[in-house]
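Below is one structure, written out as structure tokens; comments come after it.
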Amino acid sequence: MLLAFLTAIFMGVGYLVGGQGGMFIAFLMAAAMNLFSYWNADSMVLRMYGAREVDERSAPQYYAIVKRLAARAGLPMPRVYVVDNPQPNAFATGRDPEHAAVAATTGILAALTEEELAGVIAHELSHVQHRDTLTMTITATLAGAISMLANFAFFFGGFFGGNRNNNGGFIGILVAAIVAPFAAMLVQMAISRTREYAADRRGAELCGHPMWLASALAKIAGTAQYIPNEQAERVPATAHLFIINPLSGRGADSLFATHPSTENRIAALRRMAEEMGEAGQPAEAYDSSYPGPWSGSGTLPKGPWS
């Protein structure tokens, strides 16, 4: 329903730009973009962030965590990528579990313990299992296209006398340039926010320890706001793909945040931990000096996910 609403916004902008003909062209464009995104969006996103694929030899411990959790989830082994970016973050992409990819930044691999990284990877694999990756990637493509089309309407309609060619005059241009991308942003955020809680819960079930993910979220949120993600800033329509909003450190749980507030997510995980008999505070449950999986030292802790 949300994807259909995005397509309707795209068609509406086309109508304001070029009347019924513009709406029909926008519909064809949206259909073509959905089809193209279905087959190519994963590789587009990975190229956009300069991700490089790794294997058991180049990143043995990171790869092992993904492999063990994928097996526990009953998923095919996804491709594993590293993004050279100091901001701690991660995302998953792919049109289905058979064509999925998991990407982690060098920042998150250096910052987290292996327990915490397992929680993050379990969260991302949950998006794959829930088929969120296709929806979220197509949403990013459509939302970005709506913004570009709206800017096109404003520039050409405002500066080249677009009243003869569009159906809404100056008011229509304003609607196309301001309201349409804003509506697209709300839909994009709604898709992201509703799925993050579900992925948190399923990820906690996969790794067997909700506090692993809670600890990771607390650490990532406390660091990401101070380390800019230049790649994400250039393509903000992809912000909802990440486990933590890469654009801002604001945590307000409102319609204007691409993710639920980290505090609310941690609170939900803490309640889940209590139900499972696991105790502890997310920021204090693990020794920050524990060697991370990217350092090549340390051993994977024993747990149900292994």
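Observations, loosely collected:
- Complete set of residues in region 249-267 that are surrounded by 15 or more Cβ atoms within 10 Å (Cβ to Cβ), modelled with pLDDT of 85 or more and hydrophobic (A, V, I, L, M, F, W, C): I266
- Check on M48, more than 19 Å from V120 (Cβ to Cβ), surrounded by fewer than 17 Cβ atoms within 10 Å (Cβ to Cβ) and touching a residue at least 40 places away in the same chain (Cβ under 8 Å): yes
- Within region 192-212, the presence of at least one residue that is under 26 Å from A101 (Cβ atoms), surrounded by 17 or more Cβ atoms within 10 Å (Cβ to Cβ) and modelled with pLDDT under 85 is confirmed.
- Criterion applied to A30, A59, A64 was being in contact (Cβ under 8 Å) with a residue 60 or more places away in the chain and closer than 28 Å to A273 by Cα, and the one residue passing it is A64.
- Restricting A70, A26 to residues that are surrounded by 17 or more Cβ atoms within 10 Å (Cβ to Cβ), assigned to a helix (DSSP H, G or I) and modelled with pLDDT of 95 or more narrows the list to A70.
- Residue within region 67-83 that is free of Cβ contacts under 8 Å to residues at least 24 places away in the same chain and of a type in the set (F, W, Y) present: no
- Of residues in region 104-132 being more than 9 Å from A216 (Cα to Cα) and not in a helix (DSSP H, G or I), the one modelled with the lowest pLDDT: R131
- V82 meets all of the listed conditions (1) surrounded by 23 or more Cβ atoms within 10 Å (Cβ to Cβ); (2) of a type outside the set (D, E); (3) modelled with pLDDT of 95 or more; (4) in contact with a Phe, Trp or Tyr (Cβ under 9 Å, 6 or more places away or on another chain) but one, namely (1).
- When each of P282, P246 is tested for being within 22 Å of I121 (Cβ to Cβ), surrounded by 21 or more Cβ atoms within 10 Å (Cβ to Cβ) and modelled with pLDDT under 50, the lone residue that passes is P282.
The values are calculated or read from the model by the stated rules, or taken from the named source; none is laboratory data. Computed from a prediction, not measured in an experiment: that's the story for all the values here. Cβ sites come from the backbone with ideal geometry, for glycine too, and all protein chains shown count toward neighbours.
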